[in-house]
1. Suppose the Debye formula is applied to equal point scatterers at every Cα of the chain; what is log10 I(q)/I(0) at q = 0.12, 0.15 Å⁻¹?
2. Which listed residue (Thr79, Ile103, Ala133) has the Cα farthest towards the positive end of the charge dipole for the chain, taking +1 on Lys and Arg C-beta and -1 on Asp and Glu C-beta about the Cα centre?
3. Roughly what % antiparallel, to the nearest 5, for the DSSP beta bridges in the chain?
4. With every protein chain present, what is the per residue accessible area of the chain (1.4 Å probe, Å²)?
5. Full extension from Ser34 to Glu9: what is 0.36 nm times the residue separation minus their Cα-Cα distance, to one decimal in nm?
6. Would you mind getting me the FRET efficiency between His100 and Leu54? Use the beta-carbon distance for r and R0 = 25 Å, nearest 0.05.
7. With a 1.4 Å probe and every protein chain kept in, tell me what percent of the accessible surface of the chain is carbon plus sulfur.
8. How about Lys150: which lysines have a C-alpha closer than 20 Å to its C-alpha, ignoring those fewer than 8 places off in the same chain?
Amino acid sequence: MTVDVQLHEITGATDAEERFIKDSVILLRKAVSSPGFGGSVRQAEYGFTGWQSLHGAVKDMDGDAIWDRIVHGRECGMTADHTLDIAISVEDMDGPDSDHPVIGRTRLGTLPIRTARWFVALCMDAGDRVNMAAHLMHQWMHVSGFVHGKDHTGHDAPAVLAKLVRRSLESDYGDEINAQVTAHLTLDVSDCDCCVSADAPEPTPARAA
């Protein structure tokens, strides 16, 4: 069984940004539908696998349950349709020159994926669609209900899935992967304000994958 990726809309983007994001979504679709991706998700080593319903407590999921949500396209509170539904809002957020650089602010269980314009520009300048696809996977995991662990080790479900997407695409698109962009998706460089409830007034900082 394979999973599809459906991009419904992009807002706030220039024509060039929109074209680049659409190309990155194509790579994300290729990654999640590739042979062996499901096995990688099921067998990956996770340090934290917390998932939260829109109104419930956080509970742990194993690799099989994580893959079940992905392959069935289970956005939080939505009917499974075997499709990762994506809507993207490109927004101005604090960049690497600030004290708190932010890559994304996607609210838990809620579209759109809100991604930083500076990060899109960084990926575009490097020609790195792979890391953009990995970022979108990370953010979709929050739409599905997965949260970051408090220890920020980079082994929670959103972080691991971003790495698995990058790894899946590396054999065909390894020349595109830029070390600087990858560094911005690690714990030591940038932040991700994404683990908050849909009705929370302000995002709570959480480290990026």
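The values are calculated or read from the model by the stated rules, or taken from the named source; none is laboratory data. Source: prediction; values computed, not measured. Note: ideal-geometry Cβ built from the backbone for every residue, glycine included; neighbour counts use all protein chains shown. When the accessible area is computed, the model is the full protein with side chains, heavy atoms only, and any ligands, DNA or RNA have been set aside. Shrake-Rupley method; radii C 1.70, N 1.55, O 1.52, S 1.80 Å.
1. -0.52, -0.86
2. Selected residue: Thr79.
3. Counting only bridges with both partners in the chain, antiparallel ones make up about 35 percent.
4. On a per-residue basis, the chain sits at 44 Å².
5. Length difference between fully extended and current span is 6.6 nm.
6. 0.40
7. Solvent-exposed carbon and sulfur of the chain make up 46 percent of the total.
8. Here the lysines satisfying the reach criterion relative to Lys150 are Lys59, Lys163.
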